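Each value in this text was obtained by applying a stated rule to the coordinates, not by laboratory testing. None of the values given here were measured: they were computed from a predicted structure. When we count neighbours, we look across all protein chains shown, and the Cβ atoms used for this are built from the backbone with ideal geometry, even at glycine.
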Amino acid sequence: MTCDLGRHTRYLAPMTPDEYCQQKTARSGSSFYYSFMFLPPLQRRAITALYAFCREVDDVVDECKDEAIAQQKLDWWRQEISKLFADQPQHPVTQALLPLLKDFNLAEEYFLEIIDGMEMDLNYSSYQGFKDLSLYCYRAASVVGILSAEIFGFNNRMTLRYAHDLGMAFQLTNILRDVREDAQRGRIYIPADELEKFNVRIEDLYQPVTSDNVRALLKFQADRARDFYKKAFENLPDEDRYAQRTGLIMSEIYYSLLDEIEDDGFRVLEHKIKLTPLRKLWLAWRAARREKKRHKQFLRQVKAA
């Protein structure tokens, strides 16, 4: 794929900024798309625009083979975020975000953190320990979770801790799912000290073979992801649970993917493990239904107290 620096500054498609974001999100095929369906229109517009922004900056790193051009494009996005908060956006994604800034507390620094996370993919091909990796996960996913929590709404600030931990869990699930694909791109997201602990070489991650050592290493990664899901759910206050149901719907899909990987014996080096669109839709519907029932029960308890 070619990498044209001017690609992000031209908007040739005959569509509105919101339509552009909708198309960008739908084309990604992400699990997140299925959870957006259950939101009110304004929140759906906002989360779709936020996700489209994430896809744009993520695509810079994934699609640009020339790191110098990728760096220029990320620098362009930093300037574009500054223009967004100066009421002068040029790109359809930031044009879609502009009217939403008055409705939601979306801090400029968080958008810049996301770009910083993508830049880490240009500057780092591996991480020595989990402390180093956790900064990447925070920038690439937890910050998105915090912005999403702002869009969904909350009363208790513990909800931001939930959003942080859920973002970590999602990113760790993605790392486990894509471990061989990332390795083939020259990116190793499993910490070096953990590779050493389980006696797994980087070269082993390129091979479609699941040795006992590899399986033990990947189970360790899955257990860490499960710990973050657990912490996230424990941190979510009951009063904010229904407002944050979109994240819970996403977690239903992601946790099911984690179960699928484990049930398959952690053979992610041998083949791509993913859920079908129909199953994702069913999981999203089931979670939405469950949260609606739970919310009604919560309201009855509040009324009776």
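Give me the compactness ratio for the chain, meaning the Cα radius of gyration over 2.2 N^0.38 Å.
Values: Rg = 19.7 Å, N = 305, 2.2 N^0.38 = 19.3 Å.
Against the compact-globule rule of thumb, the ratio is 1.02.
What's the exposure ranking of Lys274, Lys24, going from fewest to most Cβ atoms within 10 Å? Please list the in-between numbers first.
Working: Lys274 14, Lys24 21.
With the sparsest Cβ surroundings first, the list reads Lys274, Lys24.
Using C-alpha positions alone, give me the convex hull volume of the range 110-268 per residue in cubic angstrom.
On the way: hull volume 15.9 nm³, N = 159.
Once divided by residue count, the hull of the range 110-268 is 100 Å³.
Listing Arg279, Arg177 from the residue with the fewest other Cβ atoms within 10 Å to the one with the most, what is the order? Spell out each step's value before the answer.
Numbers: Arg279 15, Arg177 19.
By the 10 Å Cβ count, ascending, the order reads Arg279, Arg177.
Could you give the semi-axes, largest first, of the ellipsoid that matches the range 15-111, computed as the square roots of 5 times the alpha carbon gyration tensor eigenvalues and rounded to whole Å? It would help to have the intermediate numbers written out before the result.
On the way: eigenvalues 96, 63, 23 Å².
For the range 15-111, the semi-axes come out at 22, 18, 11 Å.
Just rank Ile69, Ile114, fewest to most, by other beta-carbon atoms within 10 angstrom.
Ile69, Ile114
Determine, for each peptide in 56-64, 84-92, the mean count of other beta carbons within 10 angstrom over its residues, then list the peptides with the highest first. Kindly include the intermediate steps, with their values, before the conclusion.
Numbers: 56-64: 18.8, 84-92: 16.3.
Going from most to least packed, we get 56-64, 84-92.
Using the per-residue mean of other Cβ atoms lying within 10 Å as a proxy for protection, in what order, highest first, do the peptides 207-216, 261-270 fall?
Values: 207-216: 14.2, 261-270: 16.4.
Sorting 207-216, 261-270 by mean packing, highest first, produces 261-270, 207-216.
Could you sort the peptides 106-112, 282-288 by per-residue average Cβ neighbour count (10 Å cutoff), highest mean leading? Kindly include the intermediate steps, with their values, before the conclusion.
Working: 106-112: 16.4, 282-288: 18.6.
Output ranking for 106-112, 282-288: 282-288, 106-112.
Give me the extension gain from Lys274 to Asn199: residue separation times 0.36 nm, minus the current Cα-Cα distance, reported in nm with one decimal. Walk me through the numbers before you get to the answer.
Details: separation 75, 0.36 × 75 = 27.00 nm, distance 2.74 nm.
Additional length available on full extension: 24.3 nm.
Among Gln221, Val209, Ile249, whose Cα sits farthest toward the positive end of the charge dipole of the range 124-294 (+1 at Cβ of Lys/Arg, -1 at Cβ of Asp/Glu, about the Cα centre)?
Most positive-ward Cα: Ile249.
Determine which lysines satisfy two conditions relative to Lys102: a Cα distance under 19 Å, and not lying fewer than 8 residues away in the same chain.
Lys83
When the Cα centres of the range 22-64 and the range 111-151 are compared, how far apart do they sit, in Å?
17 Å
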